[in-house]
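The structure under discussion appears below in the form of structure tokens.
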Ligand code: CS2
Ligand code: MG
């Protein structure tokens, strides 16, 4: 089966998405997500200019060889743009393979290991009283796990807390600037989590996303202060370029740690996993080289007691979610899947089989990934420049956002 054509579709049904569609000589097509929030056009150009011309004529069933060809053949290996492009090709080829076999991709990966993919929802609010209402709403919708994010007194904007309908951090063409105070955050957050735990008891899985903003010793302090509330995970406590830095956190606290959403190859997390410095690996299909590479990361994690915690924000398309669920329903070391429901406008562009019910996402049993892109509808939503914010301390020092 030969690849005869491929096209990159950029659309913006409320936010930007980049989708690769691959067409074969047997009439089968496949889709892959190539969305990199704030850098969408970089990936679109990488695909159109440097990848697609080399795909035409290739055997569509040679998924591993194509992955190696695009990774090693690039010479300039790794990085978020390159790996998102490779992911899109890889994901689309798995989609095609499943369709050709008449099987859902999860069946090609070894089949179901669970009845559904347990998801966590987002409870975000400006203050803790409003946060309790949000947690209650999610628990009422059947979520067993809830990520809690709260405003911080004295800070105008805080990660994860929107000031209106919906939450989309890439809110302007030129990055908006936010001000951060680690002192105010560390003083306030433990009390927020305590209130949530007191209100809802030991049952719900509670998570919190630090979003890369602490030093290891600050993260150790926070982890220790949260131990009485038994978090399922503390996410991205510190920027993770220095993987051995997590040893310091581990020395001080038993609060479980999740990292990985900004990682794009196994090398970004290999030390963290091998030394069991983390408990959940959050890499995603779109950012970490597709199904082929992400399953390698997940397999390494499985050997070291590390579970999956796939990133699933709305700035990854439903195509990424569909692919993530194929892995999530089948891997032995599944942990949790993030679930930020897309808008109806987005879902209309990406008709899909997966669905939410009673705290689970179900991938369905459609051949391939069980999703497509409505190209005519996609064409009605032109790209809109949008960048992620930049974060500074009160004295102007640039800080992780
Ligand atoms: C966040 C993401 O969902 C999460 O865990 O860290 O929403 C992240 O802020 C966005 O993906 C950035 O584009
Ligand atoms: Mg996160």
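A short reminder: the numbers here are calculations on the coordinates, not readings from a lab. Quantities reported herein were computed from a predicted structural model and do not represent experimental measurements. Heads up, the Cβs are rebuilt from the backbone with ideal geometry, glycines too, and the neighbour counts pull from every protein chain shown.
Relative contact order for the chain using alpha-carbon pairs under 8 Å, separation at least 6, rounded to a whole percent?
Once divided by the residue count of the chain, the mean separation gives 23 percent.
Quick one: angle between helix 318-328 and the longest Cα principal axis of the chain, in degrees between 0 and 90, rounded to 10, please.
Compared with the principal axis, the helix lies near 80 degrees.
Under a 10 Å cutoff between Cα atoms, tell me which one of 261, 235, 177 has the largest fluctuation in the Gaussian network model of the chain.
Per the Cα network of the chain with a 10 Å cutoff, 177 tops the list.
Using only Cα atoms and rounding to the nearest 10 degrees, what angle (0 to 90) does helix 63-72 make with the longest principal axis of the chain?
70 degrees
For a label point 7 angstrom out from the Cα of residue 250 toward its Cβ, which stretches of the stretch 283-312 have the backbone nitrogen within less than 17 Å?
300-308
For the residue pair residue 68 and residue 230, what label-to-label distance in nm results when each label sits 7 Å from Cα along the Cα-to-beta-carbon direction?
Here the modelled spin labels are 4.8 nm apart.
Relative to the present Cα-Cα distance, how much length would full extension add between residue 200 and residue 163 at 0.36 nm per residue of separation?
So the chain would gain 10.8 nm between residue 200 and residue 163.
What's the extension gain from residue 392 to residue 127 if we count 0.36 nm per residue and subtract their Cα-Cα distance?
Gain in length upon complete extension: 93.2 nm.
Given the C-alpha atoms of the stretch 97-202, compute the convex hull and give its volume per residue in Å³.
Hull volume normalised by residue count: 188 Å³.
Please work out the Cα convex hull volume for the stretch 50-158 and give it in Å³ per residue.
167 Å³
Which semi-axes, in whole Å and largest first, does the equivalent ellipsoid of the chain have when worked out from the alpha carbon gyration tensor as the square roots of 5 times its eigenvalues?
The answer is 34, 22, 21 Å, longest axis first.
How big is D for the stretch 76-134, in µm² s⁻¹ as a whole number, if Stokes-Einstein is applied with the Kirkwood radius of its Cα pairs at 25 °C and 0.890 mPa s?
159 µm²/s
Distances longer than 23 Å among the Cα atoms of the stretch 147-306: what percent of all pairs is that?
Distances greater than 23 Å cover 43 percent of the Cα pairs.
Per q in 0.21 1/Å, what log10 I(q)/I(0) does a Debye calculation on the alpha-carbon atoms of the stretch 230-283 return?
The Cα Debye sum returns log10 ratios of -0.68.
Where does the stretch 107-159 land on the Kirkwood hydrodynamic radius, alpha-carbon pairs, in angstrom?
Across the stretch 107-159, the inverse of the average 1/r is 13.0 Å.
For the chain, modelled as a GNM with alpha-carbon contacts under 10 angstrom, which of 379, 34, 313 fluctuates the most?
379
For the stretch 10-64, I need the span (max minus min coordinate) of the C-alpha atoms along each principal axis, in Å, sorted largest to smallest.
Here the Cα extents, ordered largest to smallest, are 34, 21, 17 Å.
Multiply the residue gap between residue 5 and residue 215 by 0.36 nm, knock off their C-alpha separation, and tell me the result in nm, one decimal place.
Stretched fully, the residue 5-residue 215 segment lengthens by 70.8 nm.
Assign one of three labels to the stretch 362-401, namely rounded, prolate or oblate, based on the Cα gyration tensor with a ≥ b ≥ c the square roots of its eigenvalues; rounded applies when a/c is under 1.5, prolate when it is not and a/b is larger than b/c, and oblate otherwise.
Judged from the Cα gyration tensor, the stretch 362-401 comes out oblate (a/c at least 1.5, b/c at or above a/b).
Mind giving me the FRET efficiency for residue 156 and residue 357? R0 is 30 Å, r the Cβ-Cβ distance, nearest 0.05 is fine.
0.20
In percent, what relative contact order does the stretch 172-309 have, based on Cα pairs under 8 Å that are 6 or more apart in sequence?
Relative CO of the stretch 172-309 lands at 18 percent.
Please compute the contact order of the stretch 53-185 in relative form: average sequence separation of alpha-carbon pairs under 8 Å and at least six residues apart, divided by the residue count, as a percent.
After rounding, I find 15 percent.
Just to confirm the number: angle between the C-alpha axis of helix 182-200 and the first principal axis of the chain, 0 to 90 degrees, nearest 10?
So the helix axis and the longest Cα principal axis differ by about 90 degrees.
So, in nm, how far is label residue 136 from label residue 174 when the simple model puts each one 7 Å beyond its Cα toward the Cβ?
A separation of 4.4 nm, rounded to one decimal place.
When the Kirkwood radius is taken over all Cα pairs of the stretch 40-99, what Stokes-Einstein diffusion coefficient follows at 37 °C and 0.692 mPa s, in µm²/s?
Calculated translational D: 281 µm²/s.
Translational diffusion coefficient of the stretch 3-107 at 20 °C, 1.002 mPa s, Stokes-Einstein with Kirkwood Rh over Cα pairs, in µm²/s as a whole number.
Rounded to a whole number, D works out at 156 µm²/s.
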